[in-house]
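A.B. asks: This is the structure, below, for whatever I ask next.
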Amino acid sequence: MAPKSKSKRATAAAEEPDSSHTASEQQQHAPSMEKQADSDRVVFGVDLDDPRDVEDDAHVLAPIAKYAILGMICLMSFAIRLFAVVRYESVRLGLGKLVIVLNADSRVIHEFDPYFNYRTTKYLASEGFLEFLDWFDDRAWYPLGRIIGGTIYPGLMYTAALVYWVLNLLNISINVRNTCVFLAPLFAANTAVASYLLTKEVTKRSSAGLMAAAFAGIVPSYISRSVGGSYDNEGVAIFALIFVFYLWIKA
């Protein structure tokens, strides 16, 4: 009987899978499966499941410091676009300080398209929305003339007119021309905020958002399209583009 029992044991041992070999294979395949699962949660090199890659704002950047830096970036974005305005102002030195005398007559609208946009905004602010839609401008496309309301993209004009109406409603005295001159630098500051929100939403890092805001404020190609007096569509459209991207990702 002993030899039969030994043969049965040998047969059972041969039929049993090698548990050590199976465990080693599972251990070898486990890292690759984990790596594949982790790759689905990596966005722009940031692992959203790794707490080392996702910033805790409460411990890394104090909210007061973060918003103070963002405010300074917005101020810088606005100020560096005023060189074209300051260039045409009266400047004098007094008591060791640089004094800029604001002269409303010296502010200029640059180039042809911005000046046409200024004319249409002036008409919209004085005549109203319905009259603007039906306005036939005999000075444009001469001698044919042009129906302004149906042949332009009016977002820029609506934005400037709305800012003008709101400021005058708050008893802040400002004319249409100055509103048009300073609209692009104002929205450049808003673009810095939109860049911060978009980058922080993607990377989960407020430091990356601040860097993006700073770069958006000083990039030369954007400065050339949003300088004070350059009253064209890009001054508002670039902010709207970035902010819509942020809202889409946020949703």
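A.B. asks: Determine, for THR191, THR203, the number of other Cβ atoms within 10 Å of each Cβ, and report the residues in order from fewest to most.
C.D. replies: Details: THR191 27, THR203 21.
With the fewest neighbours first, THR191, THR203 line up as THR203, THR191.
A.B. asks: Separate question: For the residues ARG119, ARG81, ARG225, what sequence is obtained by ranking on other C-beta atoms within 10 Å, fewest first?
C.D. replies: Going from least to most buried by this count: ARG225, ARG119, ARG81.
A.B. asks: Under unit Cβ charges (Lys, Arg +1; Asp, Glu -1), what dipole magnitude, rounded to 20 debye, does segment 57-250 have relative to its Cα centre? Please report the intermediate quantities before stating the final value.
C.D. replies: Details: 16 positive and 13 negative charges, 150 e Å.
It comes to approximately 720 debye.
A.B. asks: Give me the net charge of PHE132's neighbourhood, meaning all other residues with Cβ under 12 Å from the Cβ of PHE132; Lys, Arg count +1, Asp, Glu -1.
C.D. replies: Values: positive: ARG119, LYS122; negative: GLU127, GLU131, ASP134, ASP137.
Taking every other residue near PHE132 into account, the sum is -2.
A.B. asks: Please rank ILE249, ILE69, ILE238, fewest neighbouring Cβ atoms within 10 Å first, as an exposure proxy.
C.D. replies: Values: ILE249 11, ILE69 17, ILE238 21.
If I rank by nearby Cβ atoms, fewest first, I get ILE249, ILE69, ILE238.
A.B. asks: To continue, here is another question. Given H placed on each backbone N at 1.01 Å, which residues far from HIS110 in sequence or on other chains put an amide H within less than 5 Å of it?
C.D. replies: For HIS110, whose amide H was placed from the backbone, the distant partners under 5 Å are SER230, TYR231.
None of the figures in this text is laboratory data; all of them are computed from the coordinates on show. Note that the structure is a prediction, hence the values are computed from the model and not measured. So basically every Cβ, Gly included, is an ideal-geometry build from the backbone, and we count neighbours across all protein chains shown.
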